[in-house]
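The values are calculated or read from the model by the stated rules, or taken from the named source; none is laboratory data. Since this is a predicted model, take the numbers as computed values, not measurements. All Cβ positions, glycine included, derive from the backbone under ideal geometry; neighbour counts span all protein chains shown.
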Amino acid sequence: MSSGPGADSAPAPATTDKISTFSSFRVRNYRIHFFGSAVSNIGTWMQRIAQDWLVHELTDSAAAVGITMALQFLPFALFGLYGGVLADRLDKRRLLISTQAALGITGLTLAALTLGGVVEVWHVYALSFAVGVATVIDNPARQTFVSDMVGPGLLRNAVSLNSANFQSARLVGPAVAGVVITSVGAGWAFLYNGLSFIAPIIGLCLMRTSELNPAERAPRSKGQLREGLRYVGSRPDLLWMIVLVGFIGTFGFNAAIWLVAFTDRVFDSGAGTYGLLNSLMAAGSVAGALFAARRGSRRMRFTVAAGAAFGLALMVAALSPVFWLFAVLMIPVGMAALAFQVTANSSIQVASDPAMRGRVIALFMMVFVGGTPIGGPLMGWLTDELGARIGMMVGGAICLGAAVAVALVLARIGGLRLRIILRDGRRRVSLVPREEVPAIPSARAA
């Protein structure tokens, strides 16, 4: 449903206006979207925790948890760009109503199987793949719909608030899931998740379509996938950021594997501890997302530095000798992870042509989570064979190395060099343009 514009809705400010942490809340449609998503996000995190723990109970294998993750993200690798084409071509609000309904059905199906006592690991595998197929379409539509709601002036702020919303749910969802799993079983967590999608569907129906700012839809034509790839290939700022996102998403964003292994094998604990570690990691993520929302803009060098910090934080956490230190270190791990993810996402959206944004974001998400079918089983196997500490250490080292390599490439492309100043009162380390080679003076006439 839709209605005419009302007085309680404010247009997005221009890019030059001062951005506060919650500026996007002035837009009515965004407020509806935000609070509907908050309900669903809690269910999503409850299902993630319950699903990981259920697979671990059914198989007693970290690799099986990795396979579950791989199957959920495999559709991104297979069909990721098609979701971007649909987001550029179709009405995003209607598309999102369909995808949210499909995701709710998968949660209810898993709940029925689990509560009925007939669930097997292949059921979880199949439903994880189904969730991935729906998310391939949902993700680029949902990400680019943010611009339709708030406009370009508030895009960075809204993207950051969405991430804070998702990570705030990570504070609640895992903790609630831990209690639910130990008291009544994982099936009830799946049931809540399935029902929680009613909230964003109602929110999408209540939006005032006259207050949306949709980008011009791309007409149906041949070669739209290749057109998107050529566009990214012609933009080094987009290309190398997506390369870095691919490495960190594939080898670094494997918390489900490592936290399950640390909880069970290193610290000899249960589902409640697993939920606590996820909540602590989310606490750092929320702080990082809110900071990004207030700042409003970031340079690419900050995103690369956040990727390097994330890899380093994983390596330090892997060496933690006691539980309390490992738990505390989940906060900076989450903060660095979200700082990287939010600034990479918003920078790529802002830098992209609106007519290409869906395909660019689809490529971004394809490499970010589409590498999980490789990284998930690989990190799970490494964790099973060599232990949780080695698995996390290797993942962090790959992220750190990728960030350093991309930083060097971008510096070279941008004609920058590292300058170190040792004098007091001056910035000691900075990137500056390379000095031009002085021209050879021409001979003068006598």
Scanning for something free of Cβ contacts under 8 Å to residues at least 40 places away in the same chain and within 22 Å of ALA402 (Cα to Cα), does the stretch 287-307 turn up at least one residue? yes
Scanning the stretch 194-231 for residues that are small (Gly, Ala, Ser) and modelled with pLDDT under 90, the one surrounded by the most Cβ atoms within 10 Å (Cβ to Cβ) turns out to be GLY228
Looking only at the stretch 321-337, and only at residues there that are in contact with a helix residue (DSSP H, G or I) (Cβ under 6 Å, 6 or more places away or on another chain) and among the β-branched types (Val, Ile, Thr), the one that is surrounded by the most Cβ atoms within 10 Å (Cβ to Cβ): VAL333
Per the filter on the stretch 351-394, residues of a type outside the set (D, E, K, R) and in a loop (DSSP other than H, G, I, E, B) are SER352, PRO354, ALA355, MET356, GLY371, GLY387
Identify the single condition in (1) of a type outside the set (Lys, Arg); (2) on the phi > 0 side of the Ramachandran plot; (3) surrounded by 18 or more Cβ atoms within 10 Å (Cβ to Cβ) that ILE42 does not satisfy, given that it satisfies every other one. (2)
Please go through (1) out of contact with any Pro (no Cβ under 6 Å at 6 or more places or on another chain); (2) touching a residue at least 60 places away in the same chain (Cβ under 8 Å); (3) assigned to a helix (DSSP H, G or I) for PHE79 and return the number of the only condition it doesn't satisfy. (2)
Hey, LEU127 in a helix (DSSP H, G or I), out of contact with any Pro (no Cβ under 8 Å at 6 or more places or on another chain), hydrophobic (A, V, I, L, M, F, W, C) and without any contact (Cβ under 8 Å) to a residue 40 or more places away in the chain or not: yes
Within the stretch 379-412, work out how many residues are among the aliphatic types (A, V, I, L, M), under 18 Å from MET69 (Cβ atoms) and buried (at least 21 other Cβ atoms within 10 Å of the Cβ). 4
Taking the stretch 223-268 and keeping residues assigned to a helix (DSSP H, G or I), out of contact with any His (no Cβ under 9 Å at 6 or more places or on another chain) and among the charged types (D, E, K, R) leaves ARG226, GLU227, ARG230, ASP237, ARG265
Hey, GLY104 buried (at least 24 other Cβ atoms within 10 Å of the Cβ), touching a residue at least 40 places away in the same chain (Cβ under 8 Å) and part of a helix (DSSP H, G or I) or not: no
Being within 19 Å of the chain's Cα centre (by Cα) and in a loop (DSSP other than H, G, I, E, B) is the filter here, so list the residues in the stretch 296-340 that pass it. GLY296, SER297, ARG298, ARG299
How many residues does the stretch 124-178 contain that are of a type in the set (Phe, Trp, Tyr), within 18 Å of the chain's Cα centre (by Cα) and modelled with pLDDT of 85 or more? 1
Just checking, which of GLY387, GLY370, GLY375 is at negative phi and either in contact with a Ser or Thr (Cβ under 8 Å, 6 or more places away or on another chain) or modelled with pLDDT of 80 or more (or both)? GLY375
Condition met for GLY151 (on the phi > 0 side of the Ramachandran plot, of a type outside the set (Val, Ile, Thr) and crowded, with 19+ Cβ neighbours inside 10 Å): yes
Could you grab the pairs with beta carbons closer than 8 Å, sequence gap of 6+ or different chains, first residue in the stretch 365-388 and over 21 Å from GLY84 (Cβ atoms) and of a type in the set (Ser, Thr, Tyr), second one at pLDDT below 80 and surrounded by fewer than 24 Cβ atoms within 10 Å (Cβ to Cβ)? THR383/ALA63
Does GLY284 satisfy the condition of being farther than 23 Å from ILE398 by Cβ and either at pLDDT 90 or above or not aliphatic (A, V, I, L, M) (or both)? no
Collect the residues in the stretch 170-189 that are part of a helix (DSSP H, G or I) and β-branched (Val, Ile, Thr), keeping them in residue-number order. VAL172, VAL176, VAL179, VAL180, ILE181, THR182
Residue within the stretch 100-121 that is touching a Pro at 6+ places or on another chain (Cβ under 9 Å) and within 22 Å of PHE145 (Cα to Cα) present: yes
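For (1) touching a His at 6+ places or on another chain (Cβ under 9 Å); (2) over 30 Å from LEU113 (Cα atoms); (3) modelled with pLDDT of 90 or more, each residue gets a yes or a no:
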residue: SER9; (1), (2), (3): no, yes, no
residue: SER23; (1), (2), (3): no, yes, no
residue: ARG31; (1), (2), (3): no, yes, yes
residue: SER40; (1), (2), (3): no, no, yes
residue: HIS56; (1), (2), (3): no, no, no
Answer yes if at least one residue in the stretch 57-75 is in a helix (DSSP H, G or I), farther than 21 Å from GLY375 by Cα and not acidic (Asp, Glu), and no otherwise. yes
